[in-house]
Amino acid sequence: MSFSSPLLLLFLLTIPAAAAAWWWLESRREQRAGAWAAPALVPNMVTRPPAWRRRLPTALLLVGLALLLVGFARPHATFDVKREDATVVLVLDVSGSMLARDSSPTRLAAAKRLAMRFVSRLPHGYRMSVVTFSDHVAVSVPPTHDLVLVRSAIQKAKSGPQGTALADAALQASNVAHTVQGAQAGRRPPAVIVLLSDGGQTAGRVTLRQAAARARQFGIPITAVSVGTPDGVVLQKLKGGFVERIEVPVAPASLRSLAQASGGRYVRGLADVNPKTTYAELGSRVGKKNERVEITAAAAGGGIAFMLAGAVLSGLWFRRFP
């Protein structure tokens with residue numbers, strides 16, 4: 001603990017002086033009573049309260065006064081507080097297969113609902129980014145504290161071409177999270193990637209192994225969530241009024257290998273996802289920092305509380321209230 005005005009602590013010397021004066025007056029109580037009656041008769045005239053009842057109100061008043069005097073010196077204390085500095089990158093698959101209706105109403109709509117849950121439960125102070133991908137990757141929202149932009153980007157996400165550049169999206173998400181600068185120079189805040197996809201790797205320039213290696217190198221685990229079932233089907237309109245039926249079964253193997261190789265975890269199905277678990281794992285890596293806080297108000301409030309308690313007890317026990 002430190003003080004902004006330590007010299008004012010000299011006034012604390014009045015506390016032992018006041019205690020000594022009170023003790024001296026207490027020791028002369030019987031002598032003063034003898035001026036009115038013989039000492040042997042005093043016990044028959046008044047009831048002597050227990051010694052602790054006489055001392056407790058005074059002790060409370062002195063403690064309260066001491067706290068008030070400490071408050072005048074403006075004390076500061078150092079606490080360990082949790083950092084509010086982390087990044088969450090939401091990666092949303094918008095490839096054509098995400099239009100399959102094996103998740104209600106579509107895979108993409110279900111994934112967007114889950115993404116919104118991650119946004120609504122984002123811890124205070126964390127940044128969030130949105131990356132979308134089909135056969136190419138786009139950073140829809142760079143890391144930001146503005147969750148209005150994040151929600152808008154998720155709502156506007158639409159299905160694109162059939163291709164799925166899964167590894168490219170994971171690599172781009174790792175790079176996005178790695179570029180965030182922390183509050184302290186030379187320290188990048190921890191990050192996590194939440195990837196919502198039906199899996200598969202049908203486009204792109206990098207492999208799943210390369211993308212996972214980059215995420216592990218940066219210390220950014222990937223939580224990969226599979227969206228859909230093995231029975232997914234997409235209906236594609238053709239010229240002449242014909243409709244092509246394309247089977248798009250979910251491909252969990254690619255998602256599982258990507259997540260595990262990055263040091264993250266694979267979640268099978270949207271129903272098994274709990275944003276709190278992901279944020280708890282991220283929070284364990286955020287760490288703490290020392291924060292110096294002025295506690296003048298706490299000292300003054302405690303002093304007033306002790307003095308009021310002493311005054312109330314004195315009034316109740318010795319009938320000083322009307």
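Taken together, the values in this text are just the output of simple stated rules run on the coordinates, not laboratory data. Given the structure is predicted, the values throughout are model-derived calculations rather than measurements. Please note: Cβ atoms are built from the backbone with ideal geometry, for glycine as well, and neighbour counts cover all protein chains shown.
Listed values, structure above:
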{"quantity": "Pairwise FRET efficiency - Leu56 versus Leu9, Cβ, R0 = 22 Å, nearest 0.05", "calculated": "0.30"}
{"quantity": "Amide proton proximity set for Val131, modelled H, under 5 Å, gap of 5+", "calculated": "Leu90, Val91, Leu92, Ser140"}
{"quantity": "Neighbour cut-off at most 12 other Cβ (10 Å), DSSP loop, trypsin sites (Lys or Arg not before Pro), region 181-238", "calculated": "Arg187, Arg205"}
{"quantity": "Folded to 0 to 90 degrees: helix 296-317 orientation relative to the chain principal axis, Cα", "calculated": "40 degrees"}
{"quantity": "Lys pairs, the chain - Cα-Cα below 21 angstrom, 8 or more residues apart or on other chains", "calculated": "8"}
{"quantity": "Highest average packing first - 225-232, 267-274, Cβ atoms within 10 Å", "calculated": "225-232, 267-274"}
{"quantity": "Residues whose placed amide H lies under 5 Å from that of Ser197, excluding near-sequence neighbours", "calculated": "Val225, Val227"}
{"quantity": "Estimated FRET transfer efficiency (Arg205, Val293; beta-carbon r; R0 41 Å; 0.05)", "calculated": "0.20"}
{"quantity": "Percent of beta bridges antiparallel (DSSP, the chain, rounded to nearest 5)", "calculated": "45 percent"}
{"quantity": "Value of relative contact order over the chain, rounded to a whole percent, pairs C-alpha under 8 Å and six or more apart", "calculated": "24 percent"}
{"quantity": "With Cα atoms, 0 to 90° folded angle of helix 51-72 axis to the chain main axis", "calculated": "50 degrees"}
{"quantity": "Cα convex hull of region 214-264, projected area averaged across orientations, nm²", "calculated": "4.7 nm²"}
{"quantity": "Under 5 Å, built H, 5+ apart or other chain: amide partners of Arg265", "calculated": "Ile222, Thr223, Ala224"}
{"quantity": "Positive-pole candidate from Leu65, Ala110, Ala77, dipole of region 50-124, charges at beta carbon", "calculated": "Leu65"}
{"quantity": "Estimated 222 nm signal from helices in the chain, with DSSP H stretches of n ≥ 4 weighted -39500 (n - 2.57), rounded to 500", "calculated": "-13500 deg cm²/dmol"}
